[in-house]
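Reading through the structure tokens given below for one structure.
Read the figures in this text as sums done on the coordinates, not as results from a lab. No experiment lies behind these values; they were computed from the predicted model shown. Cβ atoms come from the backbone with ideal geometry, glycine included; neighbour counts cover every protein chain shown.
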Ligand SMILES: [Mn+2]
């Protein structure tokens with residue numbers, strides 16, 4: 001039903017503008033560009049724009065569009081992989097005529113004309129694939145779109161590894177696989193690393209700190225980023241280097257963003273729920289993967305204390 005309404009809006013508007021979230025990852029970009037390519041293939045005469053900014057790890061997915069403020073007149077805006085206004089990149093998303101939200105994060109804020117929010121999906125790209133699968137008579141998938149959608153699913157599920165993966169996730173992956181994009185090239189685009197990046201990971205594995213309650217964390221200050229010639233985004237994404245450690249149930253990265261004057265916090269967990277903690281510090285996200293942006297390193301020690309407390313309580317319960 002909700003998909004019918006989404007398709008009606010897409011059909012009714014000649015101009016469609018798709019937005020992503022700040023610090024976009026492959027799922028966000030993959031769903032944004034995959035949806036754009038799919039709509040464009042289905043309705044070649046419509047103007048479809050994907051606005052925002054890439055970071056270096058998502059550039060391979062495709063070009064974004066720069067558009068003027070006037071384009072928002074009589075446009076349909078769609079935001080993907082994001083549920084709160086604060087995290088949408090480019091605040092002009094509010095200037096359209098109608099607004100659709102497509103997201104797989106727990107709902108924290110209600111806005112927009114249609115909110116398709118469903119946490120049963122492992123990725124936002126899986127939702128776009130679902131839109132296609134349920135409406136094959138109306139929508140056209142292409143190789144280019146399938147490549148983007150597959151990239152998003154692959155990365156948001158840790159290559160089909162996380163608990164969020166369902167039979168549906170695997171079936172949709174198989175559907176996309178049929179569209180003939182170069183899988184090996186895609187893997188290289190996503191996963192190949194530079195020597196500098198690998199050395200940085202080596203440093204993390206040597207230097208991360210941990211507590212007896214199963215919390216691991218890494219403080220990454222700007223001097224460290226400069227020393228390893230690593231970007232803030234790249235450092236933040238690497239939080240999962242601390243996944244899969246027997247003694248560790250929750251792991252956090254703190255990365256200093258020099259230009260913002262803030263510290264980005266990435267929470268991950270395989271037991272304790274961390275999104276309440278992220279929310280406490282102005283962020284949000286999934287139960288086991290959340291993020292926040294805090295003003296200073298002083299707050300970081302409070303977060304570590306809180307997180308350790310949560311780990312302790314969790315261990316006692318088990
Ligand atoms: Mn996602």
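The figures follow:
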item	result
Among 68, 290, 123, residue whose mean-square fluctuation peaks in a GNM of the chain (springs only between Cα atoms under 10 Å)	68
Using alpha-carbon coordinates, inclination of helix 195-207 to the longest axis of the chain, degrees	40
Candidates 71, 115, 266, ranked by Gaussian network fluctuation over the chain, Cα under 10 Å, top entry	71
Calculated [θ] (222 nm, deg cm²/dmol) that DSSP helices of n ≥ 4 give over the chain, each run adding -39,500 (n - 2.57)	-12000 deg cm²/dmol
Cα-only Debye scattering, the range 2-190: base-10 log of I(q)/I(0) at q = 0.13 Å⁻¹	-0.60
DSSP bridge orientation in the range 195-317 - percent antiparallel, rounded to nearest 5	75
For the chain, built as a Gaussian network whose Cα springs stay under 10 Å, the top-fluctuating residue of 308, 137, 259	259
With Cα atoms, 0 to 90° folded angle of helix 167-177 axis to the chain main axis	60
Residues 179, 200, sorted so that the one with the fewest Cβ neighbours within 10 Å comes first	179, 200
Cα extents of the range 195-317 along the three principal axes, largest first (Å)	42, 29, 23
The chain: antiparallel DSSP beta bridges as a percent of all, rounded to 5	45
Angle between the chain longest axis and helix 26-42 axis [Cα atoms, degrees, rounded to 10]	10
